[in-house]
Amino acid sequence: MAADAPVSVAPRPCNEVPGLTQSFTDVSTLRAAFTDRKEIAILNAPLVSKGHVYYQRPDRLHIVTEAPARQSVTLSGARIKVVQADLGRESSMDLGASEVARAVVANMLLVLGGRIDALSSLYRCEAVPEEDAWRLTLVPLRDPLAKAVRKMDVRMARDGTLREVRVEELGGDASTMTFRDTVANRPFTDEEAKAYFTP
């Protein structure tokens, strides 16, 4: 007898999936290692970078790229700082000065913070349950992201921690960030908070 074919589950609006919102909102802090793979149309091979990400609800984020070049991006509230260590460069900006930057960062924080209510108002948000995770598809409904991003695919563990985020741009480029060694809800010490989240 032939093996049973896998059962296909139809996507449902994110705000109608039982347990999804609760799992997301249970995450107050996050630490993880990441690998980011960028597929750029004009290049023959993808660009791969590795590093660590630190998040504290609601609006603190620190992304450290360790290879192939050292760079850090620090967000705290409306302030963002970028340090390119290998080039000896540092710059800061107020997110209020750039509509696109503000939208990108705000949406990243919504994903990390599990704001399903807000995501569902900004995206057509659909979810499919997997064995031990959820897979979300987010299609932007508003500019400026709708002019640049075709969709985002997000895979979340059942405890609300990120596993993968893939962004597909309208121009054909794409990036996939995968996460490992993820630790959720371990408070940052005062020293860590100062080191990670001072813009």
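Structural remarks
- Look at region 52-74: where a residue is farther than 10 Å from F197 by Cβ and at pLDDT below 90 and a partner is assigned to a loop (DSSP other than H, G, I, E, B) and not aromatic (F, W, Y), sitting 6+ places away or on another chain with Cβ atoms under 7 Å, you get R57/S28.
- Strands (runs of 3 or more DSSP E) wholly inside region 103-199 that include at least 1 residues being more than 13 Å from C14 (Cα to Cα): 133-140, 149-157, 162-169, 174-184
- Some residue of region 34-46 being surrounded by 17 or more Cβ atoms within 10 Å (Cβ to Cβ) and modelled with pLDDT under 80: no
The values are calculated or read from the model by the stated rules, or taken from the named source; none is laboratory data. From a predicted model like this one, the values you see are computed outputs, not experimental measurements. Virtual Cβ from ideal backbone geometry, glycine too; neighbours counted across all protein chains shown.
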